[in-house]
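Below is one structure; the comments refer to it alone.
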Amino acid sequence: MSESLALASREAESGKRLLLPRRSLGRTGFRATAVGAGDVADRKLGLDGCAAAVTRALDAGVNVVDTAPGYENGFSEEILGRALEGRREGIFLIDKLDDFERERVRPQVETGLELTKAGRLDLVVFHGLARLEQWRQIAQRGGAMEELGRLRDEGLVRFRGISAHDPETLRSAILSGLCDVVMFPLGPSVDERYATRILPLARSCGVGTIAFKTFAAGKLLSDPARCVRYTLSLDPDVALLGMSTPAEVDTALAAAATATPLTLEEERATRAWARRELEAKGPFWWNPDPHVVPSW
């Protein structure tokens, strides 16, 4: 670990608030930290241990936290319910919907509210769309997105969006005007179309951008600082980083605290490094088929 990384890690461990940069999360008006706490679920640590890890991130200044009902079957939502107790104000809480049927939207939101004890969810997204047809079904008149809008009008949800692993789906969702925020992969292992096409389109439409897969689902942890620097150089509104354990929190915050923008040459070198690291591990499901030419 470099001297600067070691210093940032010690600051996080001592409880000192790191000066994480903040920016507007699209048109939501929320001033978000550059990194958020994602992948919050590790049953080996238990509820108290996981909640302590989230608290560690919050104490360091992180103000975006992410969960989903499918993360350890609701355990992740329970963790955030414990960690956010008494400190809900000023924290942007993201939850997800794994069932896209209209009649299942309200029960999922109500369960999320119960487990997180949040009172209101800041952002609810339809989780992990992989095909354009899924988005079209959700967005159709009388569909699940309309029902989520009803819950927004009731004050249970503030903003709507999707997380997706397909550029065509993300493009359609952004242009629909129905999404306040989109979540998608960005990192040295990720297809460049997300960065060159989706990111600028979302910005131009005022749609917030939240990135994930910085570490290629844990496969690029030999140099986490390099991965974080790469993703932050692409400049999404927020990069979600795995923060299930105290060690993960310290690693993520240390990398973010020392990150500076990459040059184009450094970006290319980082992608080449990732290819070497991931050689023979096959294509990744979050990337579109590289041989399919997009229609736009």
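The values are calculated or read from the model by the stated rules, or taken from the named source; none is laboratory data. This structure is a prediction, so every number in the text was calculated from the model and none was measured. Positions of Cβ are generated from backbone atoms using ideal geometry, with glycine treated the same way; all protein chains shown enter the neighbour counts.
Go through the range 92-111 and give me each residue that's buried (at least 20 other Cβ atoms within 10 Å of the Cβ) and under 18 Å from the mean Cα position of the chain (by Cα).
Within the range 92-111, F92, L93, I94, D95, K96, L97 qualify.
List pairs: first residue in the range 131-159 and among the aromatic types (F, W, Y), second residue assigned to a loop (DSSP other than H, G, I, E, B) anywhere in the structure, Cβ distance under 7 angstrom, at least six positions apart or on different chains.
Listed by first residue and then by second, the contacts come to F159/D180.
Looking only at the range 54-77, count how many residues are over 20 Å from M183 (Cβ atoms) and polar (S, T, N, Q).
Qualifying residue count, the range 54-77: 2.
Return the total of residues in the range 178-234 being touching a Phe, Trp or Tyr at 6+ places or on another chain (Cβ under 7 Å), assigned to a loop (DSSP other than H, G, I, E, B) and closer than 16 Å to G26 by Cβ.
Number of matching residues: 2.
For every residue, the table says whether it meets (1) in contact with a strand residue (DSSP E or B) (Cβ under 9 Å, 6 or more places away or on another chain); (2) of a type outside the set (F, W, Y); (3) farther than 20 Å from A34 by Cβ.
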| position | (1), (2), (3) |
| --- | --- |
| A225 | no, yes, no |
| D237 | yes, yes, no |
| A255 | yes, yes, no |
| W286 | yes, no, yes |
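Conditions: (1) at pLDDT below 95; (2) under 23 Å from V238 (Cα atoms). G119 meets all but one. Number of the miss?
(2)
Given (1) modelled with pLDDT under 95; (2) surrounded by 13 or more Cβ atoms within 10 Å (Cβ to Cβ); (3) part of a helix (DSSP H, G or I), identify the lone condition not met by S4.
(2)
Going residue by residue through the range 260-279, is there one that turns out to be touching a residue at least 60 places away in the same chain (Cβ under 8 Å), touching a Gly at 6+ places or on another chain (Cβ under 6 Å) and not in a helix (DSSP H, G or I)?
Scanning the range 260-279, I find no residue that is touching a residue at least 60 places away in the same chain (Cβ under 8 Å), touching a Gly at 6+ places or on another chain (Cβ under 6 Å) and not in a helix (DSSP H, G or I), so the answer is no.
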